[in-house]
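K.L.:
Below is the structure I would like to discuss, written out as structure tokens.
The values are calculated or read from the model by the stated rules, or taken from the named source; none is laboratory data. Here the structure is a predicted model, which is why all the values come from computation and not from measurement. When we count neighbours, we look across all protein chains shown, and the Cβ atoms used for this are built from the backbone with ideal geometry, even at glycine. Surface areas here come from the heavy atoms of the whole protein model, side chains and all, with no ligands, DNA or RNA. Shrake-Rupley method; radii C 1.70, N 1.55, O 1.52, S 1.80 Å.
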Amino acid sequence: MNGAAPRLAPRRFSRGRLLAFQGLESLAAALGGRAFYRATCLSAGRLQIREETVHAPGLAAELEGLRILHISDLHAGPFLGAGDLEHAVELGRRFAPDLLVLTGDLITRRAEEAYTLLGDLAQMGARLGKYAVFGNHDYRGRREHEIAARFAEEAGFEFLRDRAVRFGSGPGALALVGLEDLEEAREPDARRARVDVQRGDVEVILCHNPAGAALVVNERTALVLSGHTHGRQINVPLVRRLAPPHPGDRVRVGGATLIVNRGLGALGLPLRVRARAELVGVHLTGRAEVAR
Ligand SMILES: [Fe+2]
Ligand SMILES: [Fe+2]
């Protein structure tokens, strides 16, 4: 993954198929899709937080038990808008994260859609900060800089665009590495993203497309947080083929753990079948006996 490879994952759908999706979305929205989605997928009793304990070998004692709240694939637009994350915000507050991370696909089609969620997302807090990467949908219209600026100013998110931030000092410090999207970014560059990572750091990588995990994990990587697949969203035979390949909710890639967040929003239809919307709450531990 470097500057010489501008797109490492091919786009999956033709323009005609994308237009067909758009027509379906418009019809479902006109029939009350947003209220239906909120009631069936985002309300109390439906939306849950999936808690995962992840082994991070060598993690500094000062970071033991670090709590990372991971949200993904909001897809603001026809089926999700202002106020719809009310219960997600409450679940996040109860989890009391040290870090809040967002792994992309903020919008369905236009940057303005993402801005409808700024109020909800501004209410979510984390002791050490809020960080984000873009997903393939977020590059529509090439307004990423504008989105990043508004999310920073109005909701406190810092976008890690092939860039890392470090927490702690000395051996076992945490390097949070954010990558540009594999399909739509012009020049995703993992080497550039790691310029500030130091020997002895423990890496947590934010990478929207889980296919990127195999390209970027190294001996320092404990965890990759992804989204993109929606857990196949409508997870029944034939229909599930429309979704990107879902490697599983939690799998091993090399020596690292890959967690694929099924996301909060929906595409095409305001529906999820055997792929519930979720937030993921990660407990990071340097002690192997604590992790499963
Ligand atoms: Fe998505
Ligand atoms: Fe995506």
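K.L.:
Which members of region 117-147 meet the condition of being open to solvent by 60 Å² or more (accessible area, probe 1.4 Å) and under 20 Å from L267 (Cβ atoms)?
P.N.:
R140, G141, R143
K.L.:
Could I ask something else about it? Of all residues in region 101-143, count the ones that are at pLDDT below 95 and acidic (D, E).
P.N.:
Looking only at that region, the number is 0.
K.L.:
In region 42-70, what count of residues is obtained for those that are closer than 20 Å to R272 by Cβ and surrounded by 24 or more Cβ atoms within 10 Å (Cβ to Cβ)?
P.N.:
Within region 42-70, residues that are closer than 20 Å to R272 by Cβ and surrounded by 24 or more Cβ atoms within 10 Å (Cβ to Cβ) number 1.
K.L.:
Moving on. Being within 16 Å of ligand 1 (Cβ to nearest atom) and open to solvent by 10 Å² or more (accessible area, probe 1.4 Å) narrows it down to one of G156, G77, so name that one.
P.N.:
The unique qualifying residue is G77.
K.L.:
Could you please find all residues in region 118-173 being touching a helix residue (DSSP H, G or I) at 6+ places or on another chain (Cβ under 8 Å) and touching a residue at least 60 places away in the same chain (Cβ under 8 Å)?
P.N.:
Listed by number, the residues that qualify are A132, F134, F167, G168, G172, A173.
K.L.:
Here's a check for you: in region 251-267, which residue that is open to solvent by less than 10 Å² (accessible area, probe 1.4 Å) and within 13 Å of the chain's Cα centre (by Cα) is nearest to R17 (Cα to Cα)?
P.N.:
Residues of region 251-267 open to solvent by less than 10 Å² (accessible area, probe 1.4 Å): 256-261, 263-266.
Going one step further and asking which of them are within 13 Å of the chain's Cα centre (by Cα), we end up with 258-261, 263-265.
Numbers: L258: 30, I259: 29, V260: 25, N261: 25, G263: 23, L264: 23, G265: 20 Å.
Restricting to residues being open to solvent by less than 10 Å² (accessible area, probe 1.4 Å) and within 13 Å of the chain's Cα centre (by Cα), the top hit is G265.
K.L.:
Give region 216-250 a look and list any residue that's among the hydrophobic types (A, V, I, L, M, F, W, C) and open to solvent by less than 40 Å² (accessible area, probe 1.4 Å), or say none. Outline the logic, then answer.
P.N.:
Initial filter on region 216-250 (among the hydrophobic types (A, V, I, L, M, F, W, C)): 216-217, 222-225, 234, 236, 238-239, 242-243.
Within region 216-250, V216, V217, A222, L223, V224, L225, I234, A243 meet the criteria.
K.L.:
Also, quick follow-up: Return the residues of region 257-292 that are over 27 Å from D138 (Cα atoms) and not basic (K, R); say none if nothing qualifies.
P.N.:
H283, L284, T285, G286, A288, E289, V290, A291
K.L.:
Taking into account only those residues within region 193-238 that are in a strand (DSSP E or B) and closer than 20 Å to D105 by Cβ, which is modelled with the lowest pLDDT?
P.N.:
I234
K.L.:
Only residues in region 93-105 that are closer than 27 Å to H137 by Cα count as the first member; pair them with residues that are within 16 Å of ligand 1 (Cβ to nearest atom) and β-branched (V, I, T), Cβ under 7 angstrom, at least 6 apart or cross-chain, and list the lot.
P.N.:
These pairs meet every condition: L102/I71; T103/V133; G104/V133.
K.L.:
While we're here: For the condition free of Cβ contacts under 8 Å to residues at least 60 places away in the same chain and either within 16 Å of ligand 1 (Cβ to nearest atom) or over 16 Å from the mean Cα position of the chain (by Cα) (or both), what is the one hit in P237, P270? Lay out the reasoning, then the answer.
P.N.:
Values: P270 fails: free of Cβ contacts under 8 Å to residues at least 60 places away in the same chain.
Unique residue meeting the criteria: P237.
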